[in-house]
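Have a look at the structure below before the remarks.
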Amino acid sequence: MLRLTMDSRSHIPPLILFIVTAVIYLSFPTRVYYWEGIVFAQTIEDASRLSVSLVHPNHLVYNFAGYFFYKLLRTLESYKKVLDDKTTAILSSDSELLKVLTKGEAGVR
């Protein structure tokens, strides 16, 4: 039977190499900004609705996911600005918002 054992010191050189590489990498952050990412962000922010302008041949899902995430954050931001501890909302008993707030889920129409 062949039994392979590791010397307790055999894992130290790879660990030292990893730490040195990580320190060098983290010491010099990149200052190169790719304009493509800025263009994607601007396209998402400028889109008033889902449209063909969000389609990019190399990133088919990126702009659509970014659009939904951006709209969600904007909506939550507006709720945060409008609603506070002193806000009173009057909702009808069949309101979808009331169902979401009380049961945690939207009712089926």
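The values are calculated or read from the model by the stated rules, or taken from the named source; none is laboratory data. Note that the structure is a prediction, hence the values are computed from the model and not measured. Every residue, glycine as well, gets a Cβ built from its backbone with ideal geometry; the counts of neighbours run over all protein chains shown.
Selection of the range 18-41 for residues being part of a helix (DSSP H, G or I) and either under 15 Å from residue 69 (Cβ atoms) or modelled with pLDDT under 85 (or both) yields 35, 36, 37, 38, 39, 40, 41. Looking across the range 50-64 at every residue that is among the aliphatic types (A, V, I, L, M) and under 18 Å from the mean Cα position of the chain (by Cα), the one that is surrounded by the most Cβ atoms within 10 Å (Cβ to Cβ) is identified as 54.
Looking across the range 80-99 at every residue that is surrounded by fewer than 10 Cβ atoms within 10 Å (Cβ to Cβ) and assigned to a helix (DSSP H, G or I), the one that is modelled with the lowest pLDDT is identified as 82. Just one of the numbered conditions (1) within 23 Å of the chain's Cα centre (by Cα); (2) assigned to a helix (DSSP H, G or I); (3) polar (S, T, N, Q) is not true of residue 102: (1).
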